[in-house]
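Asker: Pasting a structure here, questions to come.
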Amino acid sequence: MQFGIFTIGDITTDPTNGTTPTEHQRIKDTVRIAKHAEQAGFDVFATGQHHNPPFVAPGNPPTLLAFLAAQTEKLVLSTATTLITTMDPVRLAEDYSYLQHLAEGRVDLTMGRGNTGPVYPWFGKDIRQGIPLAVENYHLLYRLWHEENIDWQGRFRTPLQDFTLTPQPLDGVAPFVWHGSIRSAEIAEQAAYYGDGFFHNNIFWNKEHIIQMVQLYRQRYEYYGHGQAHQAYVGLGGQAFMAKNSQDAVKQFRPYFDNAPVYGHGPSLEQFTKMTPLTVGSPQQVIERTLEFRDWVGDYQRQMFLMDHAGLPTDVVLEQLDLLGEEVLPVLRQEFAKLKPADVPEAPTHEFLVERARRGEAPVPGGKEGSPARKDAQERAAQAAASTADATSSASTSASTSTKEN
Amino acid sequence: MEDTPDLGSPAGADPFTPQARHLVVVSGGLGDPSSSLMLANRMATAAADHLSAEGIVPEVHVVEIRLLATEIAEATVNPSRSAALQAALDQVEQADGIVTVSPTFKASYSGLFKAFWDLVDNDALRGVPVLLGATGGTPRHSLMIDTALRPLFSYLRSKVLSSSVFAASDDWGEVTGGQGSARTTPLQHRIDAAGEDLASVVGRLPARPRRATGEAKPLEVIPFEQLLRGN
């Protein structure tokens, strides 16, 4: 089980004292937070990608992640999310491949579509094409990471002829990809098709949606023959604020909650913690809540926490990371490990992917020979061939009949 | 011609296993007591009586928007929904027929009424019979149903019945509908006629599939090969 933090890089005024960090301060603090996460015992740091204020998450996450790669040892550097809709897949392939080399493989990505309408036209795209863009762009990205001398043509980008990516992915193995979506079944299906991971941000929604999306992904992962449903790769988000005493946590966090971007000025803290995975309380409460996620979605591989938003001072964020690292993660690691059956894989690392490819066990998009998906496809093809043959023979019969009549 | 369904017995089936139809009343009434709720309930009762007369068991569910006011407001700025609001939306989205009434505010339905319908899935009420009603201070607002309510439900592609009921303050004073009334047909007559119209449409449509209480709407899977082909 991997534990990490993810940031959206929001610049929010601290509602308790009215101070707003400068962009420069927030960017440098993001670096501090990521480095601190490694020291506190986290496995993953993921940055959002943003193109509009009040966010300073990078427009191109590899810029930040490469800087962090140079200053960390073990931390896996990831995204939450990489905008697969508005970015050119060729540039994504190049930038993340390069990052993979710099970071010695400590890189993976979470693909997302982005739900801010105005961003799309800034990049010549249309939000109404969100799903088709995600499908086409990722398919090209996948090919760029797995093939050379590519000829390609699609709806959304200039065609490619004889294109070969440089640099090629580290050790010939593409970074692991998670596909994030809150409620689009198409994206769960996409993750399953490629044998990639599925990530649910698990922040704003009622648990029924989360359970449904993960279940769909798991079923389809098995259908495409990448493994059994319970072996599919699932990542979840989460959100917590802690104090030794739960009343103190509520008191301290409430002003930040009430004024937070996205969910502030809406439901009360009490209602929101009941409806969504947000936990405000003691470390023990965070432990219990997080273990509950496993009851919802089964054994999963990655748990991310949103910790540095809503104007919380950086020092408070670092204290929170320490609390999680000291009191929550050790217990969770132990408990999750105890519950996890041996045939459920760990979160994929670069070393694992290299080894898997060496064994010839890398997933085949759409399913290997013998998978239910492949069998269905073959059956459909056979039926189509048979009906074409029928049509041909009946056409020739009627032709001969009419010949006779003539 | 023997395939033509017998329109005289819409339930058409064994009388020992009568069919049920779910009527959902959505009242936009903001007060308590509320004339909109009263009108909506009377319209639903009229429809239910006519369904019963045709051998169909009417199940009537009432959603009072005023009781969900805070949750509706929260849900418009935040994706999570309270259990009570979700239960109301589930009822509406699975209804076999809907009776909905709003008070007239500033020549239209109330903002809260619209906020509730904004939360309903765009495709959920496709082809579902909807009977419209409205209340207002004076009969001069009576076209509100046609200028404001009807376009909303046309957008949702529901089967909006052409009959509707507008009840102005005066109408409530004329329950018995005196013979010599110079105004419109008495309110209760219009309610009965509209209820009958709704029942006749609901009774002839097959019952819509229902989920168990609390069960989430199933996700629809489009096979990925199809997504890749771009259709």
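The values are calculated or read from the model by the stated rules, or taken from the named source; none is laboratory data. Treat the numbers as computed from the prediction; the structure is a model and nothing was measured. Note: ideal-geometry Cβ built from the backbone for every residue, glycine included; neighbour counts use all protein chains shown. In case anyone asks, the SASA skips ligands and DNA or RNA and just uses the protein heavy atoms, side chains included. Shrake-Rupley method; radii C 1.70, N 1.55, O 1.52, S 1.80 Å.
Asker: Among A:63, A:72, A:13, A:79, which is the only one that is among the β-branched types (Val, Ile, Thr) and under 20 Å from residue A:312 (Cβ atoms)?
Answerer: Every option except A:13 fails the conditions.
Asker: Taking strands (runs of 3 or more DSSP E) that do not extend beyond segment A:1-108, which have at least 3 residues that are of a type outside the set (Ser, Thr, Tyr) and open to solvent by less than 10 Å² (accessible area, probe 1.4 Å)?
Answerer: Passing ranges, in order: A:2-7, A:44-47.
Asker: Being open to solvent by less than 10 Å² (accessible area, probe 1.4 Å), part of a loop (DSSP other than H, G, I, E, B), at the interface with chain B (Cβ under 9 Å from one of its Cβ atoms) and not polar (S, T, N, Q) is the filter here; which residues of segment A:265-277 pass it?
Answerer: Result: A:267, single match.
Asker: Still on this model: Being loosely packed, with under 15 Cβ neighbours inside 10 Å and hydroxyl-bearing (Ser, Thr, Tyr) is the filter here, so list the residues in segment B:30-63 that pass it.
Answerer: Residue satisfying the conditions is B:52 alone.
Asker: While we're here: One residue is enough: does segment A:112-124 have a residue meeting the conditions within 14 Å of another protein chain (Cβ to nearest Cβ) and either in contact with a strand residue (DSSP E or B) (Cβ under 9 Å, 6 or more places away or on another chain) or closer than 28 Å to residue A:2 by Cα (or both)?
Answerer: yes
Asker: Moving on to the next point. Being more than 14 Å from every other protein chain (Cβ to nearest Cβ) and polar (S, T, N, Q) narrows it down to one residue among B:86, B:91; which is it?
Answerer: B:91
Asker: I'd like to verify a number: residues in segment A:157-200 that are crowded, with 19+ Cβ neighbours inside 10 Å and among the charged types (D, E, K, R), how many?
Answerer: Number of matching residues: 3.
Asker: Write out, first by first residue and then by second, each pair whose Cβ atoms fall under 6 Å of each other, whose residues are 6+ apart or on separate chains, and whose first residue, in segment A:344-367, is over 18 Å from residue A:141 (Cα atoms) while the second is of a type in the set (Lys, Arg).
Answerer: Short answer, once both residue conditions are applied: A:347/A:302; A:367/A:374.
Asker: If you take the residues of segment A:131-154 that are under 20 Å from residue A:180 (Cα atoms) and of a type in the set (A, V, I, L, M, F, W, C), which of them is farthest from the other protein chains (Cβ to nearest Cβ)?
Answerer: Within segment A:131-154, the match that is farthest from the other protein chains (Cβ to nearest Cβ) is A:145.
This table checks each residue for (1) closer than 19 Å to residue A:237 by Cβ; (2) modelled with pLDDT under 95.
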residue: A:26; (1), (2): no, no
residue: A:38; (1), (2): no, no
residue: A:44; (1), (2): yes, no
residue: A:49; (1), (2): yes, no
residue: A:53; (1), (2): no, yes
residue: A:70; (1), (2): no, no
residue: A:78; (1), (2): yes, no
residue: A:85; (1), (2): no, no
residue: A:88; (1), (2): no, no
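Asker: Tally the residues that are open to solvent by 70 Å² or more (accessible area, probe 1.4 Å) and assigned to a strand (DSSP E or B), restricting the search to segment B:108-149.
Answerer: Matching residues across segment B:108-149 total 0.
Asker: Taking interchain pairs and intrachain pairs at least six residues apart, which have beta carbon atoms under 7 angstrom, with the first residue in segment B:215-231 and facing another protein chain (nearest Cβ under 7 Å) and the second assigned to a helix (DSSP H, G or I) and among the aromatic types (Phe, Trp, Tyr)?
Answerer: From residues that are facing another protein chain (nearest Cβ under 7 Å), the pairs are B:224/A:193.
Asker: Can you tell me which of A:130, A:154, A:114 is surrounded by 15 or more Cβ atoms within 10 Å (Cβ to Cβ), within 20 Å of the chain's Cα centre (by Cα), of a type outside the set (A, V, I, L, M) and not in a helix (DSSP H, G or I)?
Answerer: Going through A:130, A:154, A:114 in turn, the sole match is A:114.
Asker: Inside segment B:77-119, can you point out the residues that are in contact with a Gly (Cβ under 9 Å, 6 or more places away or on another chain) and among the polar types (S, T, N, Q)?
Answerer: B:78, B:80, B:86, B:100, B:102, B:104, B:110
Asker: Select the strands (runs of 3 or more DSSP E) contained entirely in segment A:158-200, then report the ones holding at least 1 residues which are closer than 21 Å to residue A:345 by Cβ, away from every other protein chain (no Cβ under 11 Å) and at pLDDT 95 or above.
Answerer: The qualifying strands (runs of 3 or more DSSP E) are A:176-180, A:197-200.
Asker: Here is a further query. Select from segment A:284-311 the residues that are under 15 Å from residue A:3 (Cα atoms), open to solvent by less than 20 Å² (accessible area, probe 1.4 Å), of a type outside the set (D, E, K, R) and not in a loop (DSSP other than H, G, I, E, B) and list them in ascending order.
Answerer: Within segment A:284-311, A:286, A:287, A:290, A:293, A:303, A:304, A:305, A:306 qualify.
Asker: Among what's in segment B:42-84 and is more than 21 Å from the chain's Cα centre (by Cα) and of a type in the set (D, E, K, R), pick the residue that is nearest to residue B:98 (Cα to Cα).
Answerer: B:81
Asker: Could I ask something else about it? Identify, by number, the condition in (1) within 14 Å of chain B (Cβ to nearest Cβ); (2) at pLDDT 95 or above; (3) not in a loop (DSSP other than H, G, I, E, B) that residue A:364 doesn't meet.
Answerer: Going through the list (1) within 14 Å of chain B (Cβ to nearest Cβ); (2) at pLDDT 95 or above; (3) not in a loop (DSSP other than H, G, I, E, B), residue A:364 breaks only (3).
Asker: Considering A:319, A:351, A:369, which residue is over 22 Å from the mean Cα position of the chain (by Cα) and farther than 30 Å from residue A:12 by Cβ?
Answerer: A:369
Asker: Within segment B:64-81, does at least one residue satisfy the condition of being at positive phi and either in a loop (DSSP other than H, G, I, E, B) or surrounded by 15 or more Cβ atoms within 10 Å (Cβ to Cβ) (or both)?
Answerer: no
Asker: I've got another one for you. Please give the number of the condition residue B:40 fails out of (1) within 14 Å of chain A (Cβ to nearest Cβ); (2) over 25 Å from residue B:219 (Cβ atoms).
Answerer: (1)
Asker: Still on this structure: Among the residues of segment A:333-361, write down those that are surrounded by fewer than 14 Cβ atoms within 10 Å (Cβ to Cβ) and in a loop (DSSP other than H, G, I, E, B).
Answerer: A:341, A:342, A:343, A:346, A:359, A:360, A:361
Asker: Can you report the number of residues in segment B:150-171 which are touching a helix residue (DSSP H, G or I) at 6+ places or on another chain (Cβ under 9 Å) and assigned to a loop (DSSP other than H, G, I, E, B)?
Answerer: Going through segment B:150-171 one residue at a time, the tally reaches 1.
Asker: A follow-up question, please. For segment A:223-234, check the following and say yes or no: at least one residue is open to solvent by less than 10 Å² (accessible area, probe 1.4 Å), hydrophobic (A, V, I, L, M, F, W, C) and not in a helix (DSSP H, G or I).
Answerer: Among the residues of segment A:223-234, at least one is open to solvent by less than 10 Å² (accessible area, probe 1.4 Å), hydrophobic (A, V, I, L, M, F, W, C) and not in a helix (DSSP H, G or I), which makes the answer yes.
Asker: Could you list, ordered by first residue, the pairs with Cβ atoms under 6 Å in which the first is in segment A:228-253 and modelled with pLDDT of 95 or more and the second is open to solvent by 70 Å² or more (accessible area, probe 1.4 Å), at least 6 apart or interchain?
Answerer: A:228/A:222; A:229/A:219; A:229/A:222
Asker: Say we look at segment A:201-222 and pick out the residues that are open to solvent by less than 10 Å² (accessible area, probe 1.4 Å) and outside any helix (DSSP H, G or I); which of these is nearest to the other protein chains (Cβ to nearest Cβ)?
Answerer: Per the criteria, the residue is A:203.
Asker: Confirm whether residue A:261 is crowded, with 22+ Cβ neighbours inside 10 Å, within 12 Å of another protein chain (Cβ to nearest Cβ) and of a type outside the set (A, V, I, L, M, F, W, C).
Answerer: So residue A:261 fails the test.
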